[in-house]
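A short worksheet on the structure shown next.
The values are calculated or read from the model by the stated rules, or taken from the named source; none is laboratory data. From a predicted model like this one, the values you see are computed outputs, not experimental measurements. Cβ atoms come from the backbone with ideal geometry, glycine included; neighbour counts cover every protein chain shown. What goes into the accessible areas is simple: the full protein's heavy atoms, side chains included, and nothing from ligands, DNA or RNA. Shrake-Rupley method; radii C 1.70, N 1.55, O 1.52, S 1.80 Å.
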Amino acid sequence: MYHSIADIIRQSEEKSCPFWQIVLQADMEERGVSYETSFATMRHMYQAMKDADAGYDPTIHSASGMAGGAGEKLHVYNAKGANLCGGLVGQVMEKAIKMGESNACMHRIVAAPTAGSCGVIPAVFLVVEERLSLPEEKMVEAMFVSAGIGAVIAENASLAGASGGCQAEIGSASAMAAGGLAYLQGGSAEQIADAAAFALKNMLGLACDPVGGLVEVPCIKRNVAGAVNALTSAQLAMAGITSAIPVDEVIDAMRRIGNEMPSAIKETSLGGLATSPTAVRLTEK
Amino acid sequence: MNIFEVVGPVMVGPSSSHTAGAVKIGYISGRLLGEPLVRAEINLHGSFLATGDGHGTKKALVAGLLGMQTDDIRIPQALEIAEERGIVVSFGQAILREAHPNTAQLILHGRSGQRLEIIGQSLGGSRINIAQLDGIETNFSGESPTLVVYNEDRPGHVSEVTTMLSNQNINIASMRLYRSSRGGEAVMVVECDQEVPESGIDWLRGFDGIRKVTYLGMTGE
């Protein structure tokens, strides 16, 4: 069992096995399942992410009318080669926004860690799998890395917007994706931790202020921010840059910030964007 | 911490609390009714009432009542499917004091005339709590095999239940007793580490004073 990222790294050194295996072993212990069952369950999650990505419907709109169509616009824009961010980042942006829209429109997704932040991890992982021609086994291993980071955040801070604001949802998803990506690029356990630390630091203090209480505005587009932030955070770590503040202390800071946030910006829709004049008008419709 | 609550569940969006949690409340309620549903009155409270339409909360509750799980792609069509099956569904506003913000009250009528009133709360991240059964306060999640025994509030019924579980070699994870009043209606909620076989449940049904036994297994219907 582990209770911090430092725990995972220490156990990984003691047992001479990779970060992801420590997370898998803890799952075997926790749920009383075999190695094969744990791995197969995670493979199922990754496959479900792929299916959700492939099932994007460019014509869908949400019940409120606020969500839908953005993924297709970005697809057309990328296809023209107009995206200044380049092919890889452009594709990550596209997948992230598509998944957020699919979720808003009642399609099947994988909460990772939440439904509102479901686009971050698949956007990064699916694009990188193809770009680096990685085997599926490796992708499932990276999913365990992400899950371990998320489990530590859940234990020591929160994954719910209602208790920690959006930093706990998109912020956590971004940290999970960044750590997973560092692993996919051959990063060490320390680099995984640094990547997660960078990603989370950039998201600290983020308000959860959804318009009309719906998982649409600003949630869908924030999946893009979380995914791109994960990409850049992992690159910092892979370049050998280290985080001045260790990841476990960043997670603790997130918890304290969440506690100090007023409830108006913790998924109550009583403040922030949710009470802007336009939001009020949109909600009245 | 189950890592598949961090990466997962696979679910129909948009909200783990307002959609996936609502499916679970409906699913458990349908199972607790224990017979085919003919009519459901669904009353919403708090955030479920305020933002339920945009989150598909009504569809999700009905989908669960129809036996669908959180990842069922038919959830958006649940109201139409209920209608096709001749199930009458109506919605209203729940009048509840001091209730959790994400609360649903379901009044269910079964084919043979069984009636069940249930209050479910969605606690966030698709975790739920069944807070009331037929007006009696309860507190359980349906995350492990759960035996629900309705009995008269008289001595001996607890030992009948524990004897049966002991004979079947089933370990009790938690056991709570609730009652409406002294000597009145009582409900026993027993969360178990192993599945309870049908024979054990039937055995309990044979006792005087045990009015109803329902069981939520982990293997589906």
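Does A:Gly150 qualify as being crowded, with 24+ Cβ neighbours inside 10 Å, without any contact (Cβ under 8 Å) to a residue 40 or more places away in the chain and out of contact with any Phe, Trp or Tyr (no Cβ under 9 Å at 6 or more places or on another chain)? Can you show your working first?
Details: crowded, with 24+ Cβ neighbours inside 10 Å: yes; without any contact (Cβ under 8 Å) to a residue 40 or more places away in the chain: yes; out of contact with any Phe, Trp or Tyr (no Cβ under 9 Å at 6 or more places or on another chain): yes.
Yes.
Name the one entry in A:Val215, A:Val211 that is within 14 Å of another protein chain (Cβ to nearest Cβ), under 22 Å from B:Gly54 (Cα atoms) and touching a His at 6+ places or on another chain (Cβ under 8 Å).
So the residue among A:Val215, A:Val211 that is within 14 Å of another protein chain (Cβ to nearest Cβ), under 22 Å from B:Gly54 (Cα atoms) and touching a His at 6+ places or on another chain (Cβ under 8 Å) is A:Val215.
Looking at B:Pro101 and the list (1) in the same structural domain as B:Ser17 (by TED's automatic domain parsing); (2) on the phi > 0 side of the Ramachandran plot; (3) surrounded by fewer than 21 Cβ atoms within 10 Å (Cβ to Cβ), which single condition is not satisfied?
Going through the list (1) in the same structural domain as B:Ser17 (by TED's automatic domain parsing); (2) on the phi > 0 side of the Ramachandran plot; (3) surrounded by fewer than 21 Cβ atoms within 10 Å (Cβ to Cβ), B:Pro101 breaks only (2).
Answer yes or no as to whether A:Val76 is of a type in the set (A, V, I, L, M, F, W, C), open to solvent by less than 20 Å² (accessible area, probe 1.4 Å) and not in a loop (DSSP other than H, G, I, E, B).
When the stated conditions are applied, A:Val76 does not pass them.
Consider A:Val145 carefully, then state whether it is within 11 Å of another protein chain (Cβ to nearest Cβ), surrounded by fewer than 24 Cβ atoms within 10 Å (Cβ to Cβ) and either in contact with a helix residue (DSSP H, G or I) (Cβ under 6 Å, 6 or more places away or on another chain) or not β-branched (Val, Ile, Thr) (or both).
Against the criterion (within 11 Å of another protein chain (Cβ to nearest Cβ), surrounded by fewer than 24 Cβ atoms within 10 Å (Cβ to Cβ) and either in contact with a helix residue (DSSP H, G or I) (Cβ under 6 Å, 6 or more places away or on another chain) or not β-branched (Val, Ile, Thr) (or both)), A:Val145 does not qualify.
From the list A:Ala199, A:Ala195, A:Ala157, A:Ala182, which residue is touching a Gly at 6+ places or on another chain (Cβ under 7 Å), of a type in the set (A, V, I, L, M), more than 21 Å from B:Gly125 (Cα to Cα) and surrounded by 24 or more Cβ atoms within 10 Å (Cβ to Cβ)?
A:Ala195
Does A:Ala70 qualify as being facing chain B (nearest Cβ under 9 Å) and open to solvent by 20 Å² or more (accessible area, probe 1.4 Å)?
no
Taking B:Ser180 and the conditions (1) surrounded by 18 or more Cβ atoms within 10 Å (Cβ to Cβ); (2) touching a Gly at 6+ places or on another chain (Cβ under 7 Å), which numbered condition does it fall short on, given that it satisfies the others?
Condition (1) is where B:Ser180 drops out.
Please go through the range B:159-205 and pick out each residue that is in contact with a Leu (Cβ under 7 Å, 6 or more places away or on another chain) and either in a strand (DSSP E or B) or without any contact (Cβ under 8 Å) to a residue 40 or more places away in the chain (or both).
Those that are in contact with a Leu (Cβ under 7 Å, 6 or more places away or on another chain) and either in a strand (DSSP E or B) or without any contact (Cβ under 8 Å) to a residue 40 or more places away in the chain (or both): B:Ile172, B:Ala186, B:Val187, B:Met188, B:Val190, B:Cys192.
Counting only residues that are in contact (Cβ under 8 Å) with a residue 60 or more places away in the chain and either surrounded by fewer than 23 Cβ atoms within 10 Å (Cβ to Cβ) or polar (S, T, N, Q) (or both), which one in the range A:232-250 is nearest to B:Phe48 (Cα to Cα)?
Across the range A:232-250, the extreme among qualifying residues is A:Asp248.
Of everything in the range A:218-230 that's over 26 Å from A:Glu190 (Cβ atoms) and among the hydrophobic types (A, V, I, L, M, F, W, C), which residue is farthest from the other protein chains (Cβ to nearest Cβ)?
Among residues in the range A:218-230 that are over 26 Å from A:Glu190 (Cβ atoms) and among the hydrophobic types (A, V, I, L, M, F, W, C), the one farthest from the other protein chains (Cβ to nearest Cβ) is A:Val224.
Residues checked against (1) away from chain A (no Cβ under 11 Å); (2) open to solvent by 20 Å² or more (accessible area, probe 1.4 Å); (3) touching a residue at least 40 places away in the same chain (Cβ under 8 Å):
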| position | (1), (2), (3) |
| --- | --- |
| B:Leu61 | yes, no, yes |
| B:Pro76 | no, yes, yes |
| B:Ile81 | yes, yes, no |
| B:Glu84 | yes, yes, no |
| B:Leu96 | yes, yes, yes |
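Is it the case that the range B:40-50 has a residue that's under 29 Å from A:Met143 (Cβ atoms) and within 14 Å of chain A (Cβ to nearest Cβ)?
no
If we scan the range A:231-246, do we find a residue that is out of contact with any Phe, Trp or Tyr (no Cβ under 9 Å at 6 or more places or on another chain), within 14 Å of another protein chain (Cβ to nearest Cβ), over 17 Å from A:Ser117 (Cα atoms) and not in a helix (DSSP H, G or I)?
Among the residues of the range A:231-246, not one is out of contact with any Phe, Trp or Tyr (no Cβ under 9 Å at 6 or more places or on another chain), within 14 Å of another protein chain (Cβ to nearest Cβ), over 17 Å from A:Ser117 (Cα atoms) and not in a helix (DSSP H, G or I), which makes the answer no.
Here are some conditions: (1) in contact with a strand residue (DSSP E or B) (Cβ under 6 Å, 6 or more places away or on another chain); (2) open to solvent by less than 10 Å² (accessible area, probe 1.4 Å). A:Val140 meets all but one. Which one does it not meet?
Checking A:Val140 against (1) in contact with a strand residue (DSSP E or B) (Cβ under 6 Å, 6 or more places away or on another chain); (2) open to solvent by less than 10 Å² (accessible area, probe 1.4 Å), the one that fails is (1).
Residue under question is B:Pro197, and the condition is that it be on the phi < 0 side of the Ramachandran plot, open to solvent by 60 Å² or more (accessible area, probe 1.4 Å) and not acidic (Asp, Glu); does it hold?
So B:Pro197 does not fit the description; no.
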